[in-house]
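Okay, so here's the structure we're looking at.
The values are calculated or read from the model by the stated rules, or taken from the named source; none is laboratory data. As the structure is a computational prediction, the values presented were derived from the model and not from experiment. Cβ placement follows ideal geometry from the backbone for every residue including glycine, while neighbour counts extend to all protein chains displayed.
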Ligand SMILES: Nc1ncnc2c1ncn2[C@@H]1O[C@H](COP(=O)(O)OP(=O)(O)OP(=O)(O)O)[C@@H](O)[C@H]1O
Ligand SMILES: [Mg+2]
């Protein structure tokens with residue numbers, strides 16, 4: 001079976017694209033899939049740091065595209081998962097060093113040898129975004145439950161439809177059930193009402209995400225983290241499994257939930 005090529009994008013910056021790519025890559029590779037992730041954020045590479053591979057970079061994606069090395073030479077094998085590879089972004093180049101047709105060529109060479117190619121997109125809807133979606137079979141749009149992030153996600157979902165890359169699937173990241181409960185944060189249902197796309201996962205706010213990213217070992221490795229569990233569930237859904245969504249609302253007592261359901265709270 002040829003690879004599924006999946007791009008994670010968002011519109012708004014800082015909502016968790018790179019975190020999602022790293023964690024989905026780890027979850028898929030831990031589960032027996034052969035995975036390559038590509039850092040499409042030329043000039044601001046990050047995925048290498050979250051995966052703990054920054055010291056192993058010799059060549060990058062622009063070196064491959066400009067013929068300074070072979071594709072295999074730019075592929076860095078993960079330290080823990082032998083079936084996981086990273087193609088790092090160039091740090092010193094601007095995003096115009098890569099074109100959508102370059103991305104298509106690069107990904108074509110990977111399709112037959114891997115199960116998943118995951119592409120991390122830069123923020124925005126400029127050239128870097130166009131490069132990141134060019135080769136995608138499927139696009140995951142990630143948003144936080146915040147009005148500005150949801151608005152940008154909506155714009156991106158519209159562009160993806162217009163470019164025949166839709167329908168996108170949605171990841172809601174950094175949901176805080178306690179804030180939702182106090183009506184201080186949009187709920188997952190609110191976000192879905194606004195965006196009207198298929199939901200593929202809800203990832204809770206979890207400080208372990210930041211701690212593990214700083215250590216270069218994505219939280220999907222951690223069996224106890226709720227965010228890790230959420231990413232592992234999304235990975236299984238990408239493989240076509242039906243996996244129920246996590247009950248993130250379990251922070252209140254059953255009594256509180258019953259009262260709320262009865263309309264008293
Ligand atoms: N579920 C989460 N819980 C807590 N922190 C999170 C969560 N998801 C992401 N973060 C943190 O949010 C910050 C931004 O995440 P990340 O770099 O993945 O976003 P991005 O969309 O790739 O940003 P950019 O647009 O700059 O590329 C990081 O510090 C990350 O650790
Ligand atoms: Mg990023």
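Would you tally the residues in segment 113-128 being more than 13 Å from ligand 1 (Cβ to nearest atom) and in a helix (DSSP H, G or I)?
Matching residues across segment 113-128 total 1.
Tally the residues that are crowded, with 16+ Cβ neighbours inside 10 Å and within 16 Å of ligand 1 (Cβ to nearest atom), restricting the search to segment 161-178. Lay out the reasoning, then the answer.
Our first condition is that a residue be crowded, with 16+ Cβ neighbours inside 10 Å; within segment 161-178, this holds for 165-166, 168-177.
Checking the rest, the ones that are also within 16 Å of ligand 1 (Cβ to nearest atom) come to 168, 170-177.
Residues flagged as crowded, with 16+ Cβ neighbours inside 10 Å and within 16 Å of ligand 1 (Cβ to nearest atom) within segment 161-178 amount to 9.
Sort out which residues of segment 11-40 are in contact with a strand residue (DSSP E or B) (Cβ under 6 Å, 6 or more places away or on another chain) and within 9 Å of ligand 1 (Cβ to nearest atom), and write them in order of number.
15, 16, 17, 18, 20, 21
Would you mind stating whether residue 95 is more than 19 Å from the chain's Cα centre (by Cα) and within 16 Å of ligand 1 (Cβ to nearest atom)? Break it down into steps so the answer makes sense when it comes.
Values: more than 19 Å from the chain's Cα centre (by Cα): yes; within 16 Å of ligand 1 (Cβ to nearest atom): yes.
In short, yes.
How many residues are touching a strand residue (DSSP E or B) at 6+ places or on another chain (Cβ under 9 Å) and either within 16 Å of ligand 1 (Cβ to nearest atom) or assigned to a helix (DSSP H, G or I) (or both) if we restrict to segment 41-71?
The qualifying residues number 11.
Within the bounds of segment 85-106, is there any residue that is assigned to a helix (DSSP H, G or I), in contact with a strand residue (DSSP E or B) (Cβ under 6 Å, 6 or more places away or on another chain) and buried (at least 24 other Cβ atoms within 10 Å of the Cβ)?
As a first pass, look at segment 85-106 and keep what is assigned to a helix (DSSP H, G or I): 95-97, 100-106.
Of the ones still in play, those that are also in contact with a strand residue (DSSP E or B) (Cβ under 6 Å, 6 or more places away or on another chain) are none.
No, that holds for no residue.
Residue by residue through segment 5-48, note down the ones that are farther than 21 Å from residue 144 by Cβ, modelled with pLDDT of 95 or more and within 11 Å of ligand 2 (Cβ to nearest atom).
39
Among what's in segment 183-205 and is assigned to a loop (DSSP other than H, G, I, E, B) and more than 15 Å from residue 146 (Cα to Cα), pick the residue that is farthest from the chain's Cα centre (by Cα). First the steps, then the outcome.
Quick first cut of segment 183-205, residues assigned to a loop (DSSP other than H, G, I, E, B) only: 183-187, 196-197, 205.
Imposing the further condition that a residue be more than 15 Å from residue 146 (Cα to Cα) reduces the set to 196-197.
Working: 196: 19, 197: 16 Å.
Result: 196.
So residue 80 clears everything in (1) in a loop (DSSP other than H, G, I, E, B); (2) buried (at least 17 other Cβ atoms within 10 Å of the Cβ); (3) in contact (Cβ under 8 Å) with a residue 40 or more places away in the chain; (4) away from ligand 2 (no atom under 15 Å from the Cβ) except one condition, right? Which one?
Of everything listed in (1) in a loop (DSSP other than H, G, I, E, B); (2) buried (at least 17 other Cβ atoms within 10 Å of the Cβ); (3) in contact (Cβ under 8 Å) with a residue 40 or more places away in the chain; (4) away from ligand 2 (no atom under 15 Å from the Cβ), residue 80 misses just condition (2).
Going through segment 1-10 one residue at a time, which ones are more than 14 Å from ligand 1 (Cβ to nearest atom) and not in a loop (DSSP other than H, G, I, E, B)?
From segment 1-10, those more than 14 Å from ligand 1 (Cβ to nearest atom) are 1-6; that's our starting set.
Of everything in segment 1-10, those that are more than 14 Å from ligand 1 (Cβ to nearest atom) and not in a loop (DSSP other than H, G, I, E, B) turn out to be 4, 5, 6.
When you scan segment 24-38, do you find a residue that is within 22 Å of residue 135 (Cβ to Cβ), surrounded by 24 or more Cβ atoms within 10 Å (Cβ to Cβ) and free of Cβ contacts under 8 Å to residues at least 60 places away in the same chain, even just one? Full working, then the answer.
Pass one, segment 24-38, residues within 22 Å of residue 135 (Cβ to Cβ): 24-29, 33-38.
Pick out the ones that are also surrounded by 24 or more Cβ atoms within 10 Å (Cβ to Cβ) and you get 24-29, 35-38.
Those left that are additionally free of Cβ contacts under 8 Å to residues at least 60 places away in the same chain: 29.
Within segment 24-38 (the criterion being within 22 Å of residue 135 (Cβ to Cβ), surrounded by 24 or more Cβ atoms within 10 Å (Cβ to Cβ) and free of Cβ contacts under 8 Å to residues at least 60 places away in the same chain), the answer is yes, since at least one residue qualifies.
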